[in-house]
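Student: First, the structure itself, so that you have it in front of you.
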Amino acid sequence: GLGIPAEPLFRSRKEQRVCIKFCANLGKSATETLEMIQQGFGDQSLSRTQVFQWHARFKTGRTSVDDDEHTGRPTSCTTPETVAQIQELIRQDRHRTIRDIAEEVEVGYGTCQRVLTEELGMHRVAAKFVPRILTADQKQQRVNVCTELRQLASDDETFLSRVITGDESWVYGYDPETKRQSSQWKSPTSPRPKKARQVKSNLKSMIITFFDIKGIVHKEFVPTGQTVNSGFYCEVLRRLREKVRRHRPQLWREQTWLLHHDNAPAHTALLTQQFLAANKIPVIPHPPYSPDLAPCDFFLFPKMKLKLKGRRFDTIEEIQAETQKVLDTLTEKDFQEAFQKWRRRWDRCLHAGGNYFEGDGGR
């Protein structure tokens, strides 16, 4: 199943045991021995468990590098006891490989794989990165906010159409394309494509964007060297008010628009709070550490940056011009769908008990 002929594989294992015995006799630790085995044998190295077991055997006086006598080859049949044993090994260490488990339980590789996938319904996944490991209090805050927003939307069908949400984000002169974007088709005989590891460029520009269910209301790029502090953010809000007056006359005339932003320091500073109160701008709540509940973070910025990934821009002006072009491609339907996704995400958050959740049920 590994694509390695049985005889060379057997010989490789025996050679490694000789090396382990040599290292043990020299007084090398099990960890040092493992590092040397991995360096010398690469992908064909014995597992960590095997190296440590054989190292311990040689340290306690064993001289033979041959396998212990078995009553037969590894079994290909499964019993409830075998399944339970494999399940317990996984419970102890979920990083174990199939080969490691198969050797410890003394079953064939294919049998072990079948138990894991068919009997236990397991498959290997990479760890999911989340913004933060939430405390019980933070989860409850997410539940409380989602409950409140859902109630507001239920009581007033115009609620979502009156919300203007915004945030700021960096746009880079070069942002590496995603793994999915870089994939390509190849034939069995063609070489696998390669690319060097790449990182985001130091050339970047910060954009601040506000939008509602109809589209972008206001956007601006932060001057190079300018920090988005409360003083600067209040000036941005002044310009936002003017855009609301010009482009959303009904909301301005009726003074019914609502501001939504996250809990960044500039957004929650006393000066900002005083400005919002003086200009009678209501702010709808947003729970801390919740980019999954912020339309800019789950919709606008990812959609914008995906179109820019893998492209190189040489100047700040070029970054800003191309960003503008991408934003211009978004339609009113895109923004309407974003707000509907936001509404679905409240339900997903409540269903998850305030934990981070997968998707929004409508992508």
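The values are calculated or read from the model by the stated rules, or taken from the named source; none is laboratory data. Everything numeric in this text was worked out from a predicted model, so none of it was measured. Glycine also receives a Cβ, built like all others from the backbone with ideal geometry; neighbour counts cover every protein chain displayed. Note: accessible area is taken over every heavy atom of the protein model, side chains too, but ligands, DNA and RNA are not part of it. Shrake-Rupley method; radii C 1.70, N 1.55, O 1.52, S 1.80 Å.
Student: How many residues, within the range 200-219, are closer than 20 Å to Asp262 by Cβ and more than 28 Å from the chain's Cα centre (by Cα)?
Tutor: Final tally of qualifying residues: 2.
Student: Among (1) over 25 Å from the mean Cα position of the chain (by Cα); (2) open to solvent by 10 Å² or more (accessible area, probe 1.4 Å); (3) within 17 Å of Thr209 (Cβ to Cβ); (4) without any contact (Cβ under 8 Å) to a residue 40 or more places away in the chain, there is one condition Glu332 misses while meeting the rest; what is its number?
Tutor: (4)
Student: So, in the range 39-58, of the ones that are assigned to a helix (DSSP H, G or I) and aliphatic (A, V, I, L, M), which residue ends up surrounded by the fewest Cβ atoms within 10 Å (Cβ to Cβ)?
Tutor: Among those that are assigned to a helix (DSSP H, G or I) and aliphatic (A, V, I, L, M), it is Ala56.
Student: A follow-up question, please. Which pairs have Cβ atoms under 7 Å, sit 6 or more apart or on different chains, and link a residue in the range 230-249 that is farther than 14 Å from Ile164 by Cα to one that is open to solvent by 70 Å² or more (accessible area, probe 1.4 Å) and in a helix (DSSP H, G or I)?
Tutor: Close Cβ pairs (under 7 Å, with a partner that is open to solvent by 70 Å² or more (accessible area, probe 1.4 Å) and in a helix (DSSP H, G or I)) amount to Ser230/Leu271; Gly231/Leu271; Cys234/Leu271.
Student: Does Pro302 satisfy the criteria of being under 18 Å from the mean Cα position of the chain (by Cα), loosely packed, with under 14 Cβ neighbours inside 10 Å, under 24 Å from Val236 (Cα atoms) and modelled with pLDDT under 95?
Tutor: yes
Student: Kindly provide the set of residues from the range 275-299 that are assigned to a helix (DSSP H, G or I) and under 24 Å from the mean Cα position of the chain (by Cα), ordered by number.
Tutor: Within the range 275-299, Pro291, Asp292, Leu293, Pro295, Cys296, Asp297, Phe298, Phe299 qualify.
Student: Of the residues Lys14, Lys28, which single one is in a helix (DSSP H, G or I) and either of a type in the set (D, E, K, R) or closer than 15 Å to Arg99 by Cβ (or both)?
Tutor: Lys14
Student: Then there is this: Kindly state which helices (runs of 4 or more DSSP H) lie completely within the range 221-274 and contain at least 2 residues that are hydrophobic (A, V, I, L, M, F, W, C) and surrounded by 12 or more Cβ atoms within 10 Å (Cβ to Cβ).
Tutor: By residue number, 230-247, 249-254.
Student: Next question, about the same structure. Checking Gly215 against (1) open to solvent by less than 10 Å² (accessible area, probe 1.4 Å); (2) touching a Ser or Thr at 6+ places or on another chain (Cβ under 7 Å); (3) not hydrophobic (A, V, I, L, M, F, W, C): exactly one of these is not met. Which one?
Tutor: Exception for Gly215: condition (2).
Student: Let me ask something else about it. Which number in (1) in contact (Cβ under 8 Å) with a residue 40 or more places away in the chain; (2) out of contact with any Cys (no Cβ under 8 Å at 6 or more places or on another chain); (3) of a type in the set (A, V, I, L, M, F, W, C) marks the one condition that Ala278 misses?
Tutor: With respect to (1) in contact (Cβ under 8 Å) with a residue 40 or more places away in the chain; (2) out of contact with any Cys (no Cβ under 8 Å at 6 or more places or on another chain); (3) of a type in the set (A, V, I, L, M, F, W, C), Ala278 is out only on (1).
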